[in-house]
Amino acid sequence: MKRSQKEIEDSARKVGRRSLIMGGAMLATGAVLAARMRYLQVERASDFRLLAEENRINIQLLSPARGLIYDRYGRLVAANEQNYRVVMVRENADDVDEVLERLSRLVNLDMGAMARARDEMMSRAPFVPVTIADRLSWEEFSSVAVNAPSLPGITPEVGLSRVYPLGQDFAHITGYVGPVSDYYLQSSGDTDPVLQIPDFQVGRYAAEAQLEQDLRGEAGTRRVEVNAAGRIMRELDRDPATPGDDVQLTVDAGLQNFAQARMAGESASAVVMEVETGEIIAMASSPSFDPNLFVRGISVADYNTLTEDPYRPLASKPVQGTYPPGSTFKMMTALAGLEMGLIDPEELINCIGYIELGTRRFHCWKRSGHGRMDMNNGLAQSCDVYYYELSQRVGIDAIAAMSRRFGLGEHHELPLSAVSEGLIPTRDWKRANRGADWVVGDTLNATIGQGFVLASPLQLAIMTSRLATGRMIRPSLVRTVNGVSARMDDGGDLGLDPANLEIVRRGMWSVNNAPRGTAYRMRSEAEGFEIAGKSGTSQVRSITMAERATGVLGDDELPWNRRDHALFVAYAPADNPRYAVSVVVEHGGSGSGVAAPIARDILLRAHFGEMPPLSAYPVNQRRGIEEMQDQLDLRSFETPEETGRVQT
Amino acid sequence: MSFLEYTQKSTPSGLHKVLYLNWALIVLIVTVSCIGFLMLYSVAGGSMRPWVTPQLQRFVLGFAVLLVVAFIPIWFWRNMSGLAYGVSVLLLLLVEVMGSIGMGAQRWIDLGFMRLQPSELTKITLVMLLAAYYDWLDPRKSSRPLFVLIPVVLILVPTYLTLRQPDLGTAILLLVGGASVMFLAGVHWAYFAAVIGAGVGLVTAVFYSRGTPWQLLEDYQYRRIDTFLDPTTDPLGAGYNITQSQIALGSGGWTGRGFMQGTQSSLNFLPEKHTDFIFTTLAEEFGFVGAITLLGLYALILLFCVITGLKTKDRYASLVTLGIAVTFFLYFAINMAMVMGLAPVVGVPLPLVSYGGSAMLVLLVAFGLVQSAHIHRPR
């Protein structure tokens, strides 16, 4: 087709005009684009720079290593071990089930754990890491790390976890740690950011709980660069965590182990104190439990086994258990009488097996009666009638006041859970709590450590230490925190006449060393290590008149939980006291027959710093003792144990 | 002697043509492509793989094609326009059919060494056909309804096919690109005013009817439109891309974080960082200076194309060059507006920079046509 020159030029001119319009539109658009660039990149640059930093930088808390707990000779009681675990963030995994499925091919995941992890992930706030599996072997851990790219959302981590190498020996002293529960967060008012670290462990029981602030340490932080999938690309900087303070206990792990083993099979407790310092060198509670079970999350079956056991392994009997102290309480009445000048120790009181008070008869443990008793014999032979007589002169108020001076019915500050106060009854107490007036019969019951009187083994050990020293000894369980001495001074002199104390001490010496003493059989023949003690056998039932008429059943014939508690308190050496001990065997029977031998074995073990030699025992008992020693299931310690000498 | 015969004789021939290339345009194209290689290297974390090497190979191939296209006289291409359009529409139909007979939805045909996207090809062939159509049509008839309807159908057929893929970005490019050629060719402005008016009216009706008893769309369709227009309402879904890309852009500041120092792309916060969103990496690493420089380079390319288009007296050459310029403009303007949050995300690559073989090849062919028009312009 041919076109004229004019036509061509006309159409070209039109194209030119239209191009100009188009060009203008393009220019305008370009200007808008440039303006937008300026707005984003110049005017709002700092906002976006900040957002970009927030995108890429994560601040993570670093878990502090929990302070270690040592025994008095530096043996590890609570340690930290590396725990290889795998955590998952749901938001970073495209398909949670697919990732878990892949993970289960690498590590041993049971269905229950997988379902639990999935539920937890769905219920938790977004982006909170949830532990899928922990305590992995190194092989499992490294295979997860190698396969990380195909496991989005999964991060292998190394954490620290508490471990108690001495197992059940220290269960009731160190207690245990556990995960931070919602209940803990609400009830403790603890707002330490460290608690947000997944799987952070806090003390839940006993020293771990009470010394939490010392042991915990402070969280560190690190800034890491993360990619869009949340995977850490590199660490930018780090402010390391401050580990918790190490704690050294006063307890001797060797003696503790011996005491636990010695009481195996009984529902019993023993407290051993150094009389001068008040340091508790053993505090055994039998049966015990493995605190490591709680760290890992105890199974329902295991937990039920522990709670259903009639011997109550979860109870810390030395501080939580309170018992009628029985005849171990008699020293309080004796001292009250002596201090008030209401009795001459030489005065003889005739025991015919009972006394009559109105229409009631109060029996002596010895039905046939002891005959004429002075104070020394009254203690050595534990004559109840002597004390019935004496207590009527002294009265409950003076007995209660004396008991309190010896730490009974008082609270003692120790880093343990639920430390009991026991009970020393007074007139006011009875009126307030029982709605009845105090009667003389109550005094008679109280003086032989029955009726309302309750004391914990810890309190009995404190009482014994104070008897042995005449000073207000205070118990302690912690020697040093972070190397700084946590030692407490005692409360000064008790303010008792030394002569009176000496009379009571002589009585206690006679218990173990006079041929007619209730625990003469349980004497020590170790050179320079005579034991002075006092037995107690406390009833947990009252003997009815009907029962008395048909004949009282022997203790052995009763069901276990109605038998008498066996108690024994002692200190040694008698002439220069170093150790005080209290032993309570629940429903064990006779104090002198059951509790006294345990107390003697523990004292001798403390003295020798190793298994006591047979020569420390009376000749005719050595065969039985050897047999007993052979059967003890003792732990062997790697570090050589220093002999019993306590360093201060 | 006709005008055309005269021009044929006065145009350079043989290897002389090299001297008559628009060298400024060549330099600009190579420069922008090199910026593209640099950015692909950066988003790959400092590696030639997986994007730079194939992109470089396609560029070399495409550049050779550019020269071949440039040396062949523009009137040959005018005669090829109908065929080219027909082939590209057939290919569009082919991918449509392949998708429907169960090979899965795909937009490309595997040629072995590259995957050809017919929709990319169509962007140029449509411009070529429309230019040829208006070259053939008597300019005085161009505003007659019948002769307006023909190009409208020619535009709507490939637009519909790409929309079905679905490739909204290409569909918009075809529609606006085609309409621009019609506008440049001198179709009466009243048609455009009518279409724009009708469009605005329809959109207004759709929006104003919302919530009334006679609303035109279902509720879920409105919600989809909402997220499409304002992705920030869905920050973890559709909005994630645009939020992250604005963060990347903005954090670049005046001069940027430096080559390979962009955290947004190297840490994978950016979506599609090597294709549609590559501009954000450039803006993050080279800042406002880098971004405005690229915009300037694009403007220069545009300018040289427009000059070529206006200088030639040949109607086909003029329209095809200007059409290519408009298409090129639409490419980068839509892409930049999209990543800067000014327009919805529709999937248009950044020309010569984004990774992608078809777009690169097609653009180089288009610039070959511009060069051909330049060399073979009547003198």
Inset, instruction - Would you kindly compute the Cα radius of gyration of the stretch A:58-245 and its largest Cα-Cα separation (Dmax), both in Å? - result: 17.5, 54
Legend entry - Cα-derived Rg to Rh of chain A, Kirkwood definition: 1.25
Inset, instruction - Once you have a ≥ b ≥ c as the square roots of the Cα gyration tensor eigenvalues for the stretch B:17-124, tell me rounded if a/c is under 1.5, and otherwise prolate or oblate according to whether a/b is larger than b/c. - result: oblate
Inset, instruction - Write down the Kirkwood hydrodynamic radius of the stretch A:463-513, to one decimal in angstroms, obtained as one divided by the mean of 1/r over all alpha carbon pairs. - result: 12.8
Legend entry - For the stretch B:13-80: rounded, prolate or oblate by the Cα gyration tensor [a/c cutoff 1.5]: prolate
Legend entry - Within-11-Å neighbourhood charge of A:ARG487 [Cβ basis; K, R +1; D, E -1]: -1
Legend entry - DSSP-loop trypsin sites (Lys or Arg not before Pro) across the stretch B:141-233, with at most 16 other Cβ within 10 angstrom: B:ARG164, B:ARG210
Inset, instruction - Compare B:ALA317, B:ALA194, B:ALA185 in a GNM of chain B, Cα atoms joined below 10 Å, and give the one with the largest fluctuation. - result: B:ALA194
Inset, instruction - Compute the Rg to Rh ratio over the stretch A:389-506 from the alpha carbon atoms, using the Kirkwood formula for Rh, and round to two decimal places. - result: 1.03
Legend entry - Intensity falloff of the stretch B:238-279 expressed as log10 I(q)/I(0), Debye formula with alpha-carbon point scatterers, at q = 0.14, 0.23 Å⁻¹: -0.27, -0.73
Inset, instruction - With springs only between Cα atoms under 10 Å apart, run a GNM on chain B and tell me which of B:LEU111, B:LEU174, B:LEU297 wobbles the most. - result: B:LEU111
Inset, instruction - Grab the DSSP H runs of chain A that are 4 residues or longer, score each as -39,500 (n - 2.57), total them, divide by all residues and round the 222 nm result to the nearest 500 deg cm²/dmol. - result: -10500 deg cm²/dmol
Inset, instruction - List the pair-distance distribution P(r) of the stretch B:3-375, using every Cα-Cα distance, as the percent of pairs falling in each 20 Å bin from 0 up to the bin containing the longest distance, rounded to whole percents. - result: 27, 57, 16, 0
Inset, instruction - Over all alpha-carbon pairs of the stretch B:169-274, lay out the pair-distance distribution in 10 Å bins, whole %, shortest bin first. - result: 12, 24, 25, 25, 13, 1
Legend entry - Taking B:TYR133, A:TYR386 and counting other C-beta atoms within 10 Å, the order from fewest to most: B:TYR133, A:TYR386
Legend entry - Only Lys, Arg (+1) and Asp, Glu (-1) charged, at Cβ; chain A dipole about Cα centre in debye: 1860
Inset, instruction - Considering only B:GLY36, B:GLY201, B:GLY357, give the residue with the highest GNM mean-square fluctuation for chain B, with springs between Cα atoms whenever their separation is below 10 Å. - result: B:GLY201
Inset, instruction - Let me know the shape class of the stretch B:116-220, please: from the alpha-carbon gyration tensor, a ≥ b ≥ c as square roots of the eigenvalues, rounded when a/c is under 1.5, otherwise prolate if a/b is greater than b/c, or oblate. - result: oblate
Legend entry - Radius 13 Å from Cβ of A:ILE59, net charge of other residues (Lys, Arg +1; Asp, Glu -1): -2
Legend entry - Lys pairs under 24 Å by Cα in chain A, provided they are eight or more residues apart or on distinct chains: 8
Inset, instruction - Starting from the stretch A:302-402, pick out the trypsin sites (Lys or Arg not before Pro) whose DSSP state is loop and whose Cβ has at most 10 other Cβ atoms within 10 Å. - result: A:ARG367
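Under the Kirkwood approximation for Rh and a Cα-based Rg, what ratio Rg/Rh is obtained for the stretch B:231-379?
Here the Rg-to-Rh quotient is 1.06.
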Legend entry - Convex hull volume per residue in cubic angstrom - Cα atoms of the stretch B:283-353: 87
Legend entry - Sparse-neighbourhood loop sites, GluC sites (Glu not before Pro) in the stretch A:348-432 - DSSP loop, at most 15 other Cβ within 10 angstrom: A:GLU410, A:GLU413, A:GLU421
Legend entry - Cβ-defined net charge surrounding A:SER391, 13 Å radius [Lys, Arg +1; Asp, Glu -1]: -2
Legend entry - Mean separation of Cα contacts under 8 Å, 6 or more apart, over the residue count of chain A: relative contact order %: 13
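Taking a cut-off of 26 Å, what percent of all Cα-Cα pairs in the stretch A:1-125 are separated by more than that?
68
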Inset, instruction - From zero up to wherever the largest Cα-Cα distance of the stretch B:274-318 sits, split into 10 Å bins and tell me the percent of pairs in each. - result: 26, 32, 21, 18, 2
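Values in this text are rule-based calculations from the coordinates and carry no lab data. These numbers come from a predicted model, not from an experiment. Note that each Cβ is placed from the backbone with ideal geometry, even for glycine, and that neighbours are counted across all protein chains shown.
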